[in-house]
Structures are given as structure tokens and as C-alpha cells.
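> Below is one structure. I have some questions about it.
The values are calculated or read from the model by the stated rules, or taken from the named source; none is laboratory data. Model, not experiment: these values are computed from the prediction. Cβ placement follows ideal geometry from the backbone for every residue including glycine, while neighbour counts extend to all protein chains displayed. Remember, those area values only see protein heavy atoms, side chains included, never the ligands or the DNA or RNA. Shrake-Rupley method; radii C 1.70, N 1.55, O 1.52, S 1.80 Å.
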Protein chains: 2
Amino acid sequence: MNRTKIASLYAGKEGFAGKDVTVAGWVRSIRDMKNFGFVVLNDGSCFKDLQVVLNREELANYDEVTSLTVGSALIVEGTLALTPDRPQPFELKAATVVVEGAAEPDYPMQKKRQTREFLRTQQHLRSRTNLFRAVFRVRSVAAFAIHTFFQERGFVYVNTPIITASDAEGAGEMFRVTTLDLNDVPRTEDGKVDWSKDFFGKPCNLTVSGQLQAENFAMSFGDVYTFGPTFRAEDSNTRRHAAEFWMVEPEMAFCDLAQDMDVAEDMLKYVIRYVMDRCPDELDMLNRFVDKGLKERLEHVASSDFARVSYTEAIEVLQAARDAGHEFEYPVEWGVDLQTEHERYLTEHHFGRPTFVTDYPAQIKAFYMRLNDDGRTVAAADCLVPGIGEIIGGSQREERLDVLERRIEELGMDESQYKYYLDLRRYGGCHHAGFGLGFERLVMYLTGIDNIRDVLPHPRTVGNADF
Amino acid sequence: MNRTKIASLYAGKEGFAGKDVTVAGWVRSIRDMKNFGFVVLNDGSCFKDLQVVLNREELANYDEVTSLTVGSALIVEGTLALTPDRPQPFELKAATVVVEGAAEPDYPMQKKRQTREFLRTQQHLRSRTNLFRAVFRVRSVAAFAIHTFFQERGFVYVNTPIITASDAEGAGEMFRVTTLDLNDVPRTEDGKVDWSKDFFGKPCNLTVSGQLQAENFAMSFGDVYTFGPTFRAEDSNTRRHAAEFWMVEPEMAFCDLAQDMDVAEDMLKYVIRYVMDRCPDELDMLNRFVDKGLKERLEHVASSDFARVSYTEAIEVLQAARDAGHEFEYPVEWGVDLQTEHERYLTEHHFGRPTFVTDYPAQIKAFYMRLNDDGRTVAAADCLVPGIGEIIGGSQREERLDVLERRIEELGMDESQYKYYLDLRRYGGCHHAGFGLGFERLVMYLTGIDNIRDVLPHPRTVGNADF
């Protein structure tokens, strides 16, 4: 079978006009008008459907085909006819239709609108709906845009490990990875778990970040990035948290915080433009049915210069807003972490464009962030975007061995766990910086979808590991 | 600091000639010739180094710089001079040198040759050696080649889940993922582990393959692929096995076994050409110091038509070889799985090029492979390549609901675990196929490296989860 994808028909319809082609796909609707039948077929190669025309007089199995239900798989051979007077640019006049697989009548993806909650119980089928077809193609195109952005700039892609014996930064609760039999956990003489019997000979977890290992490679390749799954075992049932999600973490040698922000800004704009160029039908659909401001917001972000403001100035802005009558749920004073309401006020109301907030108090940021000369803030930069709040968290890393050792000691961390990390400062260390982008949060931003469960192919959250 | 990468100097040396540039990188060697000094600098942007010339009379900190040791980080500003009469095409005459980070004298990556075993204990530093710089750049370029190959052909990238409650295909031992406290495992009334108390409310593992979930998306997008980490908790300490490795798994609707092999062959050739085009210096180095036949072999594979032979014919070939005096360690008769010695005989000696072996006995292959009309073989295809043996395993999938249900029952599998998978056959199923490529095995093939521990940034094997 030499089949033509529907995307190819749309891309080169003039060349196919009057030609015999074979297409294969799934039925989205069927109408039987007695002597003529119409099948709307989609093969997943593009968002658009193909209209297939059936002629009772010419098609031997006309009755078989027109009695099929939505979701059935067909192989259709016929002639492509341009139809400049109709809504669709062309249709396929079927000569033969092979019923590859009929859908049983209880097919859950009927044409009527389904709630997203119901569709989450049908994760193996939901990508057949317009909504999820749009979301998961945007996800794929955005992922490739990220790879292309970094590879074109000479970054080396590094697959940092998923299973790890360290806890990276104490960033969150971790999942234990083990081959021990939980029915019969081996014990040491003093009754503790005998980790020497485990696969790796020590307790291991799923990674929460590849950053520290990415730094190993930034110190040889200069510019590197990771793009892989990370994990949090947090019992938080929100629309923005999943137990398993993908992170992008570039790390750059000889890079300071301002350059770090430049790369983050360029990357976001690049990905947005890339998706707008390649997924116009998907964005149109999402703009119509999910988020009416989507396309305008993406266009705005892609063409804005991002604002940059220090945390200290940001607190002053927020306090002034509060004093002028704006109500915040959480307190605003120097030293507190910014809440989503604060972030959104800054980026949506005050600056009206994406905003980097820099130089946060050291006590609310991770140990590896570079201490500023004021001794109380660190060279961090979070990127806030309208409609969502924080989408990127980055920093210049502490490259000074003595300062880093002091910080590890102050925080009561186990220095022996960080020997390798400190080695990077002993042997040709240099100023460097990086950031982390939560990929699902980016996909939510690109699609207007407000629940992380709907941008992950098979989301993992508390109590949910089906499919 | 507006620095220029060394890769840019090589790419556009004419444009930089006589110009003032700033470079930043790490010292690979230093020679002090009394009035002149020479620093070989590498910044990781390309395999090639940059020669920096220091003039005692012009450089204020000449003594400081020339007393530095290998691995130190420098920022050098100076004038680029073309040197058509010397081995290197240009050199940088330093005006200022900033010592960004001196390497302590016990730096483990000295210029002398280190064994690969020793370097495995220095995973945070080993990518600074020529060998690992070559390996990990090839890895990155090959990964992007794979994404590019599939995206250019309209495949949708799907991130299948890492944490899973099913065991995919019983392909291997799995790692348990849990948040239960192993010191105090909760129990049900009858004394068993109370999985309802675990994070996901049931026992969960790390995935061994994303294939079954990829099929969900192939039935809506037509062509999809995964590229992510997979896991095996097997206690096998070989040069070819790791507990954590990356897999590429395309899955294609309306695709038969012959077309599946076409895609696999095209993909391998594409990736090889892509890496040969973009990593010539790296492949030269690997060809000289690791595997003298590497470049010739890659060129041969990229330009060969792959052979295709049925398992039954392959057994006959091997039996004839045995009868003619070729010694195999393992027996050769219809029904046995092929060992690496058999695979290599076929691809290296008999066919002398990459070879697909097809239509294996059903009893040695997975449940989801399509049963052939002979009732005893399945539509599987393994791709064998000279020098390594199996690199790809693929098959057409069983799309017939009744045949698949019978197979699941025959194998004593729990059908309730496969409801979703069977649904794909109930609702518009179609013939489809796919394959799995072990990414590390491909990188080993591309680099000539014979140990999987040396192509993973931080390998995880029995007893090893450091870094």
C-alpha cells in the first residue's frame, strides 16, 4: 500500500488534483444521503480532515461503509477533486474503501463534547479529540523547537541520570527507587534497612533536577542543556503540579546572570514563534475553544522586550500597590517568597509583559546560587509571564569554593555529598549560570490549557498511575 | 564580556584575522619558552584547540599565567593572527589574560593517558579528555539527528510515562518506585504490604518500554515516536547492559513489517551521515585511538542496502556454516533465540552488511507481535549490524482482537492489565508496526566504544549510582 498522508494533500493539492491517491485514517463523521455518502476522515498527519465522497452506484460496499460508526479505520483509494466553491479545498471521490477496523458502537469518543475530567479516564483514546490532538502536537513541536534552539547555538545535549543517590538541592520530596522486597526488607544488625542489599548498594531516588550534573559537562563543553523527566513526590493536588514532568536545564560556562536572562528570553520567543509558524490550525482551535486571548498573548510575548526588576524593587512595587488599595492574600515584605498573585500582579498589571525578577534574598533560594556583594541576596532570576506567573527559574552559580563551602556548612548540608560539585570549583572553575524551564508549564502557556493533567500524555499525580 | 567561541574562529577565520577577540576556556597545556609562552586552550565549543601566544614583554601577569597547571580556566583578549605556515591555521596573540580559576595541582585529568576504568571514577571530570569530549558530542549530535529525522517526516514526539503500574511486556526485572517508609512498611490485615498507602495507591515501577503507550498515540497521530529513559533491574555486569538507558521507539499506523524495516534502515543511515557530516574531528580521533575500522564501517553501513532474511533461512545459513566447520558456542536449531555469535556471523561473515532477520518463532518473542499465517512465527524484525549484533528490535503488532486475546490467555497474562491496549483493537484498530532502538548501543556503534559505561554521562549499573 502506497498511501498519501492528508498533510501532503493539503501541502500540494494542485499536484494531486485529478490523481488517484490512497489515504488511510479514522472516521470523524459519516452522513448517508441515500445515493451519496460523506465521510470525514482524519489520519493524524495534520489537524485538518479530508472529506471523502461515496457514490452508491460506484462503491460495492456502500452500505457497509455508511453503517460504520465514528472512530472506525478506513483505507480509501480514489480521485482527488479540487472543490474551489466549497468550504473544504478538495475532496476524495472514493473508488474503493477497505474497512480496516470498525469501531464498536460503545466507542467512548463520540462526537458530542466530553468533559476534560471524563477524558482523563480515557487517556488512551483522548488524543483522538480535536482538543488533545492540538495539545499534543503543540507539545511535540515545542520540544523540537527547544532542541533546535540549543543545538543551533552549539549547546551539547546531556542526558543526566534519572536514578540518583543525592538529593540535588533538597528541592522536594523524592521517590525511592529500590529492588528490595517490601514484604521482607533486609535488616542490618541494629535493625535498620540494609541498603547494601539494594541494587545500587545504597538508597537511591528519582532525580528532582539534572542541574548539578549538567554543571559537570558545562565545565568541559561550555554550553550544555538537559531535557528529560524529573520527579516530585509531593502530595499536592493542584492544577500545576504533577509527580512526573519534563524539565529543560541549560547550563553555560563564562556566563553571568544578565546573559543567562538573555538566553532564557531568546529561547521563549524562539519556541513561541516556532509553534505559531508550524501549528496555526492547532492554535486557532485552542484560541476559539480554550482561551480566547491565547494568540494575542503569544504574539505579545514573542515581540516584547522582557522587563527586568530586582526583587527589592519588586517588593516596593507590590507594597505601593497594596497601599493604593490592591488586595493581596499573602503579606508583602522584604524576605518573603513571591506568591503567584504577586508574580501575576507584576507581570500582568505593573509591567504588562514578561518580567524577570532578580536578586532574591539568599534565605529563600538554593545553596548553589551566587551570593551578591550585599551579602544578603543571590544572583537569581525568575521569569514571570502574564497568565501563569513563574515559568523559568535561573541563577548564576556560586563559583567561589570558599563561599560555597561556607554556605553548605551554614545550611547544615552534608559536604561529603557535594565533593564532585566542589571539585568543579577546585579545578578550573569559572563563573557560570543556567536556568530550569518546566516543560509542561510552557506547554500550558502555549495552549491555554490550565491543568497540567491535560498536557501530559499519561499524567502521574497522587493516586494516579493508570495507563 | 563579549566572548567569541573557538568554533566560531575556525568557522570564520578570515573574518577574524587581525581583529581583537576575547575567548574563554580551559588550559590543555602550557609551555614557557622564557620570553614567549604558549597556551593550548579549549572552550568545548569544538574539538579543536586554540593556540594562545604570550609575550613576556607585553603581558603584565606573564609569570602568573605560565605557572598555571592544566585545567585552569582563562579569559584571554588579544589579536587573531593567521599562521598559514604552521600546523594550526591561526593563533591568538594575548594582550590580557584573566585567570578565572586556577586548577589545583592535584587535578586528576593530567595530560598523560588515563585508563578508562580510572576515568569512570572521575565522571564529573572525564568529559574534559579528548576521548569523552568526542563521545559525548557524538551522543548529543546523534540524539538531535534522531529528533530531526522523525520530525521532518511528520512524526509526533510523545513523552510516555516513566513511572508505570504495568510491566509493559514482562521484558525484564523492574525497579520499584515508592514513597513507603522501608523502615516501617504499612501492612494490610493479612500482613501483606498495604500498597493503598503508597503514593499512587498501588505498586509502581520504572518503565521498561514506552511502546504500549506509544501505540495509544499512533492510533490518533498515525506516526509517533518516543525518546526517553527506560530501566532494567537486571543483575548483569556486562559491557552492553546498564540499569538506566535511553530508548527510541517509533510506532506507525497503517504500516507493515517491510515498511517498518524501511524506516529503521533510513533512520540508521540518516543518523550515521548526520554524525559523519557534523563530527569529523571527533570521528577522526575515535578512528585513530579507539577503533581503526570505525570510519570505514560507518561509511559502509550508510551506503549499503541492508540484507533481509527470515529466521528460518538464517538458521539454515548458520547450520550450513556449522556443518562446514565454523564453531559456535551455542546450539543452532529452529526455535532457539539467536546469540550474539550467531548474529555477528550473519551480518559480518555471511551477508557482510547490516541484516534484518525476520519472522522469528512466536515462542521466543513478545505477546504483541503479529502472528504469521503459518501459526508458529511472528512478524518480527531484528536489525543486526557488523561489530555489534542486534541494534534494533521491531515488529508488526497484532491488530486482531481475537488473536491478541487468545495469545494473552495462552501466556497466562492478566488480561485486565491490558484493557486499554485491547481497546485500541476495539475502536478503529489498524495494522501497525514499530521498533525500538537502544540509544546507547547506537552511540557505541557510532564511536567504536565497547563499554556502555563510557557512552552514558553518569552510568547506572549494579552497585553504581555515584555522581
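> Could you list all residues from region A:4-34 that are farther than 19 Å from A:R128 by Cβ, within 13 Å of chain B (Cβ to nearest Cβ) and part of a loop (DSSP other than H, G, I, E, B)?
Within region A:4-34, A:T4 is the sole residue that qualifies.
Residue by residue, here is whether (1) surrounded by 19 or more Cβ atoms within 10 Å (Cβ to Cβ); (2) within 14 Å of chain A (Cβ to nearest Cβ); (3) hydroxyl-bearing (S, T, Y) holds:
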site: B:S45; (1), (2), (3): yes, yes, yes
site: B:L50; (1), (2), (3): yes, yes, no
site: B:N55; (1), (2), (3): no, no, no
site: B:V65; (1), (2), (3): yes, yes, no
site: B:K93; (1), (2), (3): no, no, no
site: B:T96; (1), (2), (3): no, no, yes
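> Tell me which of these A:V135 doesn't satisfy, since it passes every other one: (1) farther than 29 Å from B:R153 by Cα; (2) in contact with a helix residue (DSSP H, G or I) (Cβ under 7 Å, 6 or more places away or on another chain); (3) touching a residue at least 24 places away in the same chain (Cβ under 8 Å).
Going through the list (1) farther than 29 Å from B:R153 by Cα; (2) in contact with a helix residue (DSSP H, G or I) (Cβ under 7 Å, 6 or more places away or on another chain); (3) touching a residue at least 24 places away in the same chain (Cβ under 8 Å), A:V135 breaks only (1).
> Hey, among A:T340, A:T347, A:T312, A:T355, which residue is of a type outside the set (G, A, S), open to solvent by less than 70 Å² (accessible area, probe 1.4 Å) and modelled with pLDDT under 95? Even if it seems obvious, please write down each step before you answer.
Working: A:T347 fails: modelled with pLDDT under 95; A:T312 fails: modelled with pLDDT under 95; A:T355 fails: modelled with pLDDT under 95.
Sole residue among the options that is of a type outside the set (G, A, S), open to solvent by less than 70 Å² (accessible area, probe 1.4 Å) and modelled with pLDDT under 95: A:T340.
> Looking at (1) within 14 Å of another protein chain (Cβ to nearest Cβ); (2) crowded, with 16+ Cβ neighbours inside 10 Å, which is the one condition that is false for A:G37?
(1)
> Can you tell me which residues in region A:143-160 are among the polar types (S, T, N, Q), touching a Phe, Trp or Tyr at 6+ places or on another chain (Cβ under 8 Å) and crowded, with 20+ Cβ neighbours inside 10 Å?
Those that are among the polar types (S, T, N, Q), touching a Phe, Trp or Tyr at 6+ places or on another chain (Cβ under 8 Å) and crowded, with 20+ Cβ neighbours inside 10 Å: A:Q151, A:N159.
> So B:F118 clears everything in (1) touching a residue at least 60 places away in the same chain (Cβ under 8 Å); (2) open to solvent by 30 Å² or more (accessible area, probe 1.4 Å); (3) more than 30 Å from A:T148 (Cβ to Cβ) except one condition, right? Which one?
It is condition (1) that B:F118 fails.
> Working carefully through the options B:L456, B:L404, find the one that is within 13 Å of chain A (Cβ to nearest Cβ) and under 30 Å from B:D284 (Cβ atoms). Steps first, answer last, please.
Working: B:L404 fails: under 30 Å from B:D284 (Cβ atoms).
Result: B:L456 is the single residue among B:L456, B:L404 that is within 13 Å of chain A (Cβ to nearest Cβ) and under 30 Å from B:D284 (Cβ atoms).
> Here's a follow-up. Please work out which one of (1) in contact with a helix residue (DSSP H, G or I) (Cβ under 9 Å, 6 or more places away or on another chain); (2) open to solvent by 60 Å² or more (accessible area, probe 1.4 Å); (3) assigned to a helix (DSSP H, G or I) is the condition A:Y330 fails and give its number.
Among (1) in contact with a helix residue (DSSP H, G or I) (Cβ under 9 Å, 6 or more places away or on another chain); (2) open to solvent by 60 Å² or more (accessible area, probe 1.4 Å); (3) assigned to a helix (DSSP H, G or I), A:Y330 violates only (3).
> Any idea which residue in region B:231-250 is surrounded by the fewest Cβ atoms within 10 Å (Cβ to Cβ), counting only those that are at the interface with chain A (Cβ under 8 Å from one of its Cβ atoms) and among the small types (G, A, S)?
It comes out as B:A233.
> Output the residues belonging to region B:115-142 that are basic (K, R) and closer than 20 Å to B:D43 by Cα.
Once the filter is applied, which keeps residues that are basic (K, R) and closer than 20 Å to B:D43 by Cα, region B:115-142 yields B:R126, B:R128, B:R133, B:R137, B:R139.
> Among the numbered criteria (1) open to solvent by 10 Å² or more (accessible area, probe 1.4 Å); (2) at pLDDT 95 or above; (3) out of contact with any Asp or Glu (no Cβ under 8 Å at 6 or more places or on another chain); (4) at the interface with chain A (Cβ under 9 Å from one of its Cβ atoms), which one does B:S140 miss?
So the condition that B:S140 fails would be (1).
> For region A:98-113, which residues satisfy the criterion of being more than 9 Å from every other protein chain (Cβ to nearest Cβ) and without any contact (Cβ under 8 Å) to a residue 24 or more places away in the chain? First the steps, then the outcome.
Step one: list which residues in region A:98-113 are more than 9 Å from every other protein chain (Cβ to nearest Cβ), which gives A:98-99, A:105, A:110-113.
Across region A:98-113, the qualifying residues are A:K112, A:R113.
> Quick one: count up the residues across region B:9-27 that are in contact with a strand residue (DSSP E or B) (Cβ under 9 Å, 6 or more places away or on another chain) and open to solvent by 50 Å² or more (accessible area, probe 1.4 Å). Working first, answer last.
Quick first cut of region B:9-27, residues in contact with a strand residue (DSSP E or B) (Cβ under 9 Å, 6 or more places away or on another chain) only: B:9-10, B:13-14, B:16-27.
Now drop any that are not open to solvent by 50 Å² or more (accessible area, probe 1.4 Å), which leaves B:10, B:13-14, B:16, B:18-20.
Of the residues in region B:9-27, 7 are in contact with a strand residue (DSSP E or B) (Cβ under 9 Å, 6 or more places away or on another chain) and open to solvent by 50 Å² or more (accessible area, probe 1.4 Å).
> So A:I388 ticks every box in (1) closer than 27 Å to A:A264 by Cα; (2) modelled with pLDDT of 95 or more but one. Which box is left unticked?
Only one criterion is unmet by A:I388, namely (2).
> Same structure, new question: Output yes when any residue across region A:185-207 is among the aliphatic types (A, V, I, L, M), in contact with a strand residue (DSSP E or B) (Cβ under 8 Å, 6 or more places away or on another chain), free of Cβ contacts under 8 Å to residues at least 40 places away in the same chain and more than 17 Å from A:F435 (Cβ to Cβ), and no when none is.
So in region A:185-207, the residues among the aliphatic types (A, V, I, L, M) come out as A:185, A:193, A:206.
Of the ones still in play, those that are also in contact with a strand residue (DSSP E or B) (Cβ under 8 Å, 6 or more places away or on another chain) are A:185, A:193, A:206.
So of that shortlist, the ones also free of Cβ contacts under 8 Å to residues at least 40 places away in the same chain come out as A:185, A:193.
Pick out the ones that are also more than 17 Å from A:F435 (Cβ to Cβ) and you get A:185, A:193.
Yes.
> Also, I was wondering about something else. Taking the stated definitions as given, is A:D277 free of Cβ contacts under 8 Å to residues at least 12 places away in the same chain and closer than 24 Å to A:L446 by Cα? Can you show your working first?
On the way: free of Cβ contacts under 8 Å to residues at least 12 places away in the same chain: yes; closer than 24 Å to A:L446 by Cα: yes.
So A:D277 passes the test.
> Which one is nearest to B:F227 (Cα to Cα) among residues in region A:189-211 that are among the aliphatic types (A, V, I, L, M) and within 9 Å of chain B (Cβ to nearest Cβ)? Before the answer, list the steps.
Our first condition is that a residue be among the aliphatic types (A, V, I, L, M); within region A:189-211, this holds for A:193, A:206, A:208.
Remaining after also requiring within 9 Å of chain B (Cβ to nearest Cβ): A:193, A:206.
Values: A:V193: 35, A:L206: 18 Å.
That would be A:L206.
> Name, by its number, the condition in (1) farther than 30 Å from A:S45 by Cβ; (2) open to solvent by 10 Å² or more (accessible area, probe 1.4 Å); (3) of a type in the set (D, E, K, R) that does not hold for A:E215.
Every listed condition holds for A:E215 apart from (2).
> May I ask you to list the residues in region B:153-167 that are in a loop (DSSP other than H, G, I, E, B) and either modelled with pLDDT of 95 or more or of a type in the set (K, R) (or both)? Let's see the steps before the verdict.
As a first pass, look at region B:153-167 and keep what is in a loop (DSSP other than H, G, I, E, B): B:153-155, B:158-162, B:165-167.
Within region B:153-167, B:R153, B:G154, B:F155, B:V158, B:N159, B:T160, B:P161, B:I162 meet the criteria.
> Go through B:Q396, B:Q417 for me and flag whichever is within 14 Å of chain A (Cβ to nearest Cβ) and closer than 30 Å to B:R297 by Cβ.
Values: B:Q417 fails: closer than 30 Å to B:R297 by Cβ.
Going through B:Q396, B:Q417 in turn, the sole match is B:Q396.
> Additional query: Please give the helices (runs of 4 or more DSSP H) falling wholly within region B:362-467 in which 2 or more residues are surrounded by fewer than 20 Cβ atoms within 10 Å (Cβ to Cβ). Lay out the reasoning, then the answer.
Details: elements: B:401-410, B:419-426, B:439-447.
Answer list for region B:362-467: B:401-410, B:419-426.
> Pick from region A:174-188 the residues that are more than 7 Å from every other protein chain (Cβ to nearest Cβ) and assigned to a loop (DSSP other than H, G, I, E, B): which of them is most open to solvent (accessible area, probe 1.4 Å)? Explain how you work it out, then say what you get.
Within region A:174-188, the subset more than 7 Å from every other protein chain (Cβ to nearest Cβ) is A:174, A:181, A:184, A:186-188.
Subset that is assigned to a loop (DSSP other than H, G, I, E, B): A:174, A:181, A:184, A:186, A:188.
Values: A:M174: 38, A:D181: 82, A:D184: 110, A:P186: 31, A:T188: 48 Å².
Out of the qualifying residues, it is A:D184.
> Suppose we keep only residues that are at pLDDT 95 or above and open to solvent by 50 Å² or more (accessible area, probe 1.4 Å) within region B:78-91. Which one would you say is nearest to the chain's Cα centre (by Cα)? Spell out how you get there, then give the answer.
Here is the first cut: in region B:78-91, the residues at pLDDT 95 or above are B:78-83, B:89-91.
Those left that are additionally open to solvent by 50 Å² or more (accessible area, probe 1.4 Å): B:79, B:82.
On the way: B:T79: 40, B:L82: 38 Å.
Of everything passing the filter in region B:78-91, B:L82 is nearest to the chain's Cα centre (by Cα).
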